[in-house]
1. Assuming R0 = 35 Å, can you tell me the calculated FRET efficiency for the pair residue 21 and residue 70, based on Cβ-Cβ distance, to the nearest 0.05?
2. Can you work out ³J(HN,Hα) from phi for every residue in segment 73-88, in order, using Karplus 6.51 cos²θ - 1.76 cosθ + 1.60 and θ = phi - 60°, giving whole Hz and x for Gly and Pro?
3. All other residues with a Cβ under 13 Å from the Cβ of residue 121 taken together, and with Lys, Arg as +1 and Asp, Glu as -1, what is their net charge?
4. Can you give the calculated 222 nm mean residue ellipticity of the chain, where each DSSP H run of n ≥ 4 adds -39,500 (n - 2.57) and the sum is split over every residue, rounded to the nearest 500 deg cm²/dmol?
5. How much net charge surrounds residue 26 when only the other residues with a Cβ under 15 Å from the Cβ of residue 26 are counted, with Lys and Arg +1 and Asp and Glu -1?
6. Treating the angle as unsigned and between 0 and 90°, give the value, to the nearest 10°, between the Cα long axis of helix 110-121 and the longest Cα principal axis of the chain.
7. Considering amide H positions built from the backbone, and no H for Pro or chain starts, which residues 5 or more places from residue 40, or on another chain, come under 5 Å of its amide H?
8. Compute the signed sum of charges (Lys and Arg +1, Asp and Glu -1) over the other residues within less than 15 Å, Cβ to Cβ, of residue 13.
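Laboratory data are not the source of any read-out in this text; all were calculated from the coordinates shown. Please read these numbers as outputs of a predicted model, since none were measured by experiment. Backbone-built Cβ (ideal geometry, glycine too); neighbour counts: all protein chains shown.
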Amino acid sequence: MKYIMEKPVKAIIGEQKYKTSIHWRNGEFITDEPEKIEGKDLGPDPHTLLLSSLVACTAATLRMYIDHKKLNIPEITVEANLGQRINSRTGEITTRIDKSISFGDTEVDDKLKQRRIEISGSCPISKILKGNVTIETPDDQ
């Protein structure tokens, strides 16, 4: 298997409740949990990071398409939120992400309105979230 990242993303957490340092190829940022669950809200929580990946990837994919087609659309806004429902009978959790896309004050035709849905679904993060994901954690570490 060929990895997408040159180096793994690394998280380091100390004793300060939930404050986590995330290290990536060019730097570091802080994540945390909201105060309502005893964090200090010093950075985005894991759900926010997941949705941030999706909206950033969607926006970039749409920007590539719009630039390629030489369309005059100066601004793209992508919003997403996540909800979960637990089946009371089976205990199974169903997750749903609602996503909206707008082009600021720019009027777009119906064809592009429909195409944005197809294009946004082709961003790599959308494909990962919709696909078959396996998470491996070797037990020999």
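1. Numbers: r = 42 Å, r/R0 = 1.20.
My answer for the efficiency is 0.25.
2. 10, x, 9, 10, 10, 10, 10, 8, 9, 10, x, 9, 10, 9, 6, 5
3. On the way: positive: 99, 115, 116, 127, 130; negative: 118.
My count for the surroundings of residue 121 gives +4.
4. Working: 3 runs with 42 residues, N = 141.
The helix-only estimate for the chain comes to -9500 deg cm²/dmol at 222 nm.
5. Details: positive: 7, 10, 25; negative: 6, 28.
Counting the neighbours of residue 26, the net charge comes to +1.
6. The helix 110-121 is inclined about 20 degrees to the chain.
7. So residue 40 has HN proximity to 33.
8. Details: positive: 10, 17, 19, 40; negative: 15, 28, 32, 33, 38, 45.
Neighbourhood net charge equals -2.
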